[in-house]
Ligand code: FES
């Protein structure tokens, strides 16, 4: 067990964990930040995506010891009022079906819009390619990102 002081959603957060504990389990099991989901556990699905210093990152593959001073942003920290343009667009367009993958999708989409406020379809498809949705909401995700970019 080691002690870590992490910057999570803008708050300094003390955590005790084995160094190789995936950040995903620290977020979910210790901090009850349950918006970040466990899908595959091997970096293939994107459900566990959070941002580290603004970069979409698979938290299932991120040992807590590697986080250091990087700023961790989860879906809970994206907008305290759930009023981020992506969250609004997701509601307006009924993007989710089961919803399981959508927090990860939104975290990557938010990073895309920060880099590229007016992404093309190709830009969106490129950025979102690593995210799987078993309900196949891909077309609505693309539309939601365009709506949020308006
Ligand atoms: Fe991390 Fe699937 S749970 S990529």
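The values are calculated or read from the model by the stated rules, or taken from the named source; none is laboratory data. Nothing here was measured: the structure is a model prediction, and the numbers come from that model. A quick note on method: Cβ atoms are made from the backbone with ideal geometry, for glycine too, and the neighbour counts reach across all protein chains shown.
Has segment 77-97 got any residue that is within 15 Å of the ligand (Cβ to nearest atom) and either free of Cβ contacts under 8 Å to residues at least 40 places away in the same chain or crowded, with 17+ Cβ neighbours inside 10 Å (or both)? Checking segment 77-97: not a single residue is within 15 Å of the ligand (Cβ to nearest atom) and either free of Cβ contacts under 8 Å to residues at least 40 places away in the same chain or crowded, with 17+ Cβ neighbours inside 10 Å (or both). Residue under question is residue 16, and the condition is that it be assigned to a strand (DSSP E or B), more than 16 Å from the ligand (Cβ to nearest atom) and in contact (Cβ under 8 Å) with a residue 24 or more places away in the chain; does it hold? Against the criterion (assigned to a strand (DSSP E or B), more than 16 Å from the ligand (Cβ to nearest atom) and in contact (Cβ under 8 Å) with a residue 24 or more places away in the chain), residue 16 does not qualify. For segment 52-71, filtering for residues that are farther than 11 Å from residue 107 by Cβ, outside any helix (DSSP H, G or I) and within 16 Å of the ligand (Cβ to nearest atom) leaves 3. Would you point out the residue of segment 37-51, among those that are more than 6 Å from the ligand (Cβ to nearest atom) and buried (at least 21 other Cβ atoms within 10 Å of the Cβ), that is farthest from the chain's Cα centre (by Cα)? My answer is 37.
The number of residues in segment 128-138 being surrounded by 17 or more Cβ atoms within 10 Å (Cβ to Cβ) and either touching a strand residue (DSSP E or B) at 6+ places or on another chain (Cβ under 8 Å) or modelled with pLDDT under 95 (or both) comes to 1.
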